[in-house]
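The values are calculated or read from the model by the stated rules, or taken from the named source; none is laboratory data. The shown structure was predicted, so the numbers you read here are calculated from the model rather than taken from an experiment. With ideal geometry, Cβ positions are generated from the backbone for all residues, glycine too; neighbour counts draw on all protein chains shown. Please note that ligands, DNA and RNA were not included when accessible areas were found on the heavy atoms of the full protein model with its side chains. Shrake-Rupley method; radii C 1.70, N 1.55, O 1.52, S 1.80 Å.
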Amino acid sequence: MYGTCLGTYGQNRKVEIVKFEHLQKVLNQVSDTTVVLHFWATWCRPCMEELLFFEELSTTYNPQKIKFILVSMDFVKDAETSLKNVIERNKIKSKVVLLDEPDYNSWIDLIDKEWSGTIPATLVLNANLRKRKFYEGKVNMTSFSDELKKMCPVTIQN
Amino acid sequence: MKTHIKNIKTIFLLGVVLSSLFGFTQSGEENRQKADKGYAIGDVITDFKLRSTSGSFVSMADNRSVKGYIIVFTCNHCPFSKAYESRIMALDKKFASQGYPVIAINPNDPSAYEEDSFENMQVVAKAKGYTFPYLQDESQLTSKAFGVSRTPSVYVVKKEGDKFILQYIGGIDDNTQDANAVTKRYVEDAINNLLAGRPVVGNFTKTVGCAVKWKGV
């Protein structure tokens, strides 16, 4: 069962600039795909320290089963410079979106009420398994990987 | 039997839909690195005595004529702090004369970021021509007492007798990246309310910023 969760690299290397609505759609989908939203920025040192960990995880799993979105909080003006450089230099294959939603106060609570706004922050969600976990700050890589294995969904049998 | 299973499935799906509507109440408590909460609105703030880039030590009680302070936790290295630099100066320019001057405090462990060293704070304060004290929280105790988790973070305090009461916690406005696109000026609105003798409407906002670097963490 675990084997079916493993996949090949994600295809999307382009940085999309998105609005919060885009993330909300992903969050509101009732499906058995686990979604990992990881909030980071190129200027955030602790984020950069764990970026490759998330990159490695995201390319380990089949995106139909566990879908990673690396949500960059970089400024729009830096999309084609710092952000692009980091993606290219680190050969990031995960899906990266730049969230262009400067009124942070309007959406931080919609990700998690306990989130203070500090990055990195990570939300793991599986609607069908009714599981949701939110991490503020760097994750413990071992326990995060273990949690994710548990999230790898099982199709509900009739 | 089949209908029965169908019903169970329907109930289950309904549960899924409902819980997604209400955003699932249970979160990963045990995994969250809970930041110290620090002061809450209405709390009396303990005064501090911190070294300013000018060399002198600054406390809130030093200036007897103020109505309060705009305390901004900020630093040199953080792009969000840099983006707000001129807006912090504008706040001081606008409100110091009305009784609410700015006090800037750098909460970061300078050994983590060379840019945040005391010498570099002096360089920035001088180069930008800061009209307000820029303090280093060397022990980080003041920053911990406030519960600061990131820069920039603003705390507006109002003087009542000898006490300083916390009136606002949060961001400066609703657009870090583009000062011209700001629609909500949280700190200005808070001060304007206080100056008019009204309570602060919207006394808490959340923003994204650079995590404070604590010593030994």
(message) Please go through segment B:177-204 and give me each residue that is basic (Lys, Arg) and farther than 20 Å from B:Ala40 by Cα, ordered by number.
(response) B:Lys184, B:Arg185
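Being assigned to a strand (DSSP E or B) and in contact with a Lys or Arg (Cβ under 8 Å, 6 or more places away or on another chain) is the filter here; which residues of segment B:142-165 pass it? Can you show your working first?
If we filter segment B:142-165 for residues that are assigned to a strand (DSSP E or B), which is where we start, we get B:150-151, B:153-160, B:163-165.
B:Lys158, B:Lys159, B:Phe164, B:Ile165 - these are the residues of segment B:142-165 that are assigned to a strand (DSSP E or B) and in contact with a Lys or Arg (Cβ under 8 Å, 6 or more places away or on another chain).
A quick yes/no check of all residues on (1) open to solvent by 60 Å² or more (accessible area, probe 1.4 Å); (2) in contact with a His (Cβ under 7 Å, 6 or more places away or on another chain); (3) of a type in the set (A, V, I, L, M, F, W, C):
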residue: A:Val18; (1), (2), (3): no, no, yes
residue: A:Glu21; (1), (2), (3): yes, no, no
residue: A:Asn28; (1), (2), (3): yes, no, no
residue: A:His38; (1), (2), (3): no, no, no
residue: A:Glu50; (1), (2), (3): no, no, no
residue: A:Tyr61; (1), (2), (3): no, no, no
residue: A:Leu70; (1), (2), (3): no, yes, yes
(request) Confirm whether A:Glu55 is open to solvent by less than 30 Å² (accessible area, probe 1.4 Å), over 30 Å from B:Gly202 (Cβ atoms) and acidic (Asp, Glu). (result) yes
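Please specify each residue of segment A:138-149 satisfying the condition of being in a helix (DSSP H, G or I) and open to solvent by less than 50 Å² (accessible area, probe 1.4 Å).
A:Ser143, A:Phe144, A:Ser145, A:Glu147, A:Leu148
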(request) Run B:Gln177 past the list (1) under 17 Å from A:Glu101 (Cβ atoms); (2) out of contact with any helix residue (DSSP H, G or I) (no Cβ under 8 Å at 6 or more places or on another chain); (3) open to solvent by 30 Å² or more (accessible area, probe 1.4 Å) and report the number of the one that doesn't hold. (result) (2)
(message) Exactly one condition in (1) within 12 Å of chain B (Cβ to nearest Cβ); (2) open to solvent by 50 Å² or more (accessible area, probe 1.4 Å) is false for A:Thr81; which is it?
(response) (1)
(request) Search segment B:38-57 for residues that are without any contact (Cβ under 8 Å) to a residue 12 or more places away in the chain and pair each with any residue that is open to solvent by less than 50 Å² (accessible area, probe 1.4 Å) and in a loop (DSSP other than H, G, I, E, B) when their beta-carbon atoms are under 8 Å apart and the residues are at least 6 apart or on different chains. (result) B:Lys49/B:Ser59
(message) Among (1) of a type in the set (Gly, Ala, Ser); (2) open to solvent by less than 50 Å² (accessible area, probe 1.4 Å); (3) modelled with pLDDT of 95 or more, there is one condition A:Ser106 misses while meeting the rest; what is its number?
(response) (2)
(request) Could you look through segment A:40-59, keep only residues that are touching a Gly at 6+ places or on another chain (Cβ under 9 Å) and more than 14 Å from chain B (Cβ to nearest Cβ), and pick out the one that is modelled with the highest pLDDT? (result) A:Ser58
(request) State the number of residues belonging to segment B:173-194 that are more than 11 Å from chain A (Cβ to nearest Cβ) and either closer than 14 Å to B:Tyr100 by Cβ or part of a loop (DSSP other than H, G, I, E, B) (or both). (result) 9
(request) Considering every residue within segment B:195-213, establish whether at least one is over 20 Å from B:Ile103 (Cα atoms), open to solvent by less than 10 Å² (accessible area, probe 1.4 Å), at the interface with chain A (Cβ under 10 Å from one of its Cβ atoms) and in a loop (DSSP other than H, G, I, E, B). (result) yes
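Please work out if B:Gln98 is surrounded by fewer than 19 Cβ atoms within 10 Å (Cβ to Cβ), touching a residue at least 60 places away in the same chain (Cβ under 8 Å) and more than 23 Å from B:Gly170 (Cα to Cα).
Answer is no for this residue.
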(request) Please enumerate the residues belonging to segment A:106-130 that are free of Cβ contacts under 8 Å to residues at least 40 places away in the same chain and touching a Phe, Trp or Tyr at 6+ places or on another chain (Cβ under 8 Å). (result) A:Ile108, A:Asp109, A:Asp112, A:Glu114, A:Trp115, A:Gly117, A:Arg130
